[in-house]
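S.K.: Below are the structure tokens for one structure; questions will follow.
Each reported figure results from applying straightforward, stated rules to the coordinates on display, with no laboratory input. Treat the numbers as computed from the prediction; the structure is a model and nothing was measured. Here the Cβ positions follow ideal geometry from the backbone for every residue, glycine too, while neighbour counts run over all protein chains shown.
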Amino acid sequence: MDIARAVRGRSPYLALVGVEGFEGLLQYRAPDRREADVRDFLRFLVSIAEEVERLDLFDAQDVVLSAGGSAFYDVVVDEFARAGLKRSTRIVLRSGCYLTHDSGIYGTLLEDINRRTSTPLAFEPALEVWAQVLSTPEPGLVIVSAGRRDFGEDAGNPAVLKHARQGVVRALPEAWRVTGVSDQHAHIHAPGGHGIAVGDLIALGPSHPCTTFDKWRVLHLVDKNYTVVDTVRTWF
């Protein structure tokens, strides 16, 4: 409670209005432990808020309880709603990946959320990084013009989603996969007889969108025909 007392001692220049934490990294725990560990952590945050309230160190009538990656926001709401504070509480979720979903880790984590809730969600991946084919140097290998400067790879390599040539877009089967990444290039394994040519375009679907958001100041919003209809600023 030393920090809470120090903040209260700096009033009116500082005000303690809530408790926050981030449980998202617990997604990397063993599957049979994830939810239990997240709940333990959230209850720990609530216990801090209860103790701060008992010591009368909050400087607000509405106490903010904040947590929430995009993997456990349902658990956050469930646990924070049980907080036994005498003051009213305001739950603030800080989930972000739901905005675009992804083609990797959050697809799996969404399945976990749907198992925990009675109202299954059906998010669809909406983030793609398009790259140009630079070389097909040998059978089964396609090199494209996007790498770790263009998409995040902290949660695995991106999925290979689509191919485009002269405005015609087609989906690619799962046999296509990124096998290596450098700063500005990705190496793609392609089935024999793929027919890809230098200059074609390939759509990659990142896993964990946040570490792709922070590489672009502007994202283009497109319709189903890939006509750009708007642009979106990022603030990472």
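S.K.: For Thr89, which sequence-distant residues (separation of 5 or more, or a different chain) have an amide H within less than 5 Å of its own amide H, given hydrogens modelled in the peptide plane?
M.R.: Val63
S.K.: A follow-up question, please. All other residues with a Cβ under 9 Å from the Cβ of Ser207 taken together, and with Lys, Arg as +1 and Asp, Glu as -1, what is their net charge?
M.R.: Taking every Cβ under 9 Å from that of Ser207, the sum is -3.
S.K.: Follow-up question, since we're still on this one. Send over the semi-axes of region 129-233's equivalent ellipsoid, whole angstrom and largest first, taken as the square roots of 5 times the C-alpha gyration tensor eigenvalues.
M.R.: 22, 17, 11
S.K.: What distance in nm separates the two pseudo spin-label positions at Asp59 and Gln166, each 7 Å out from Cα along the beta-carbon direction?
M.R.: 6.8
S.K.: Less than 21 Å apart at the alpha-carbon level, and either on another chain or at least 8 residues along: which lysines does that give for Lys162?
M.R.: Lys224
S.K.: Hey, what's the Cα Rg ratio for the chain versus the globular rule of thumb, 2.2 N^0.38 Å?
M.R.: 1.29
S.K.: If you don't mind, there's one more thing I want to ask. If you take the alpha carbon radius of gyration of region 2-95 and divide it by 2.2 N^0.38 Å, what ratio comes out, to two decimals?
M.R.: Working: Rg = 14.0 Å, N = 94, 2.2 N^0.38 = 12.4 Å.
Normalised by 2.2 N^0.38 Å, the Cα Rg of region 2-95 equals 1.13.
S.K.: Now for a separate question. State the extension gain, in nm to one decimal, for the chain segment bounded by Asn114 and Arg29, taking 0.36 nm per residue of separation less the distance between their alpha-carbons.
M.R.: Taking Asn114 through Arg29 to full extension adds about 28.7 nm, to one decimal.
S.K.: Amide H of Gly18 versus every other amide H placed in the peptide plane: which residues, excluding those fewer than 5 positions away on the same chain, fall under 5 Å?
M.R.: Hits under the 5 Å cutoff: Val64.
S.K.: Okay, next question. Only four residue types carry charge here, +1 at the Cβ of Lys and Arg and -1 at the Cβ of Asp and Glu. Report the dipole size of the chain about the Cα centre in Debye, rounded to the nearest 20.
M.R.: 280
S.K.: Additional query: Projected onto the charge dipole of the chain (+1 at Lys/Arg Cβ, -1 at Asp/Glu Cβ, origin at the Cα centre), which of Phe58, Thr108, Leu161 gives the Cα projection farthest towards the positive end?
M.R.: Phe58
S.K.: Taking H as built 1.01 Å from N, whose amide H comes closer than 5 Å to the amide H of Gly180, not counting residues under 5 places away?
M.R.: His187
S.K.: Place the peptides 33-40, 97-104 in order of packing, highest mean first, counting for every residue the other Cβ atoms within 10 Å and averaging per peptide.
M.R.: Most protected by this proxy first, the peptides run 97-104, 33-40.
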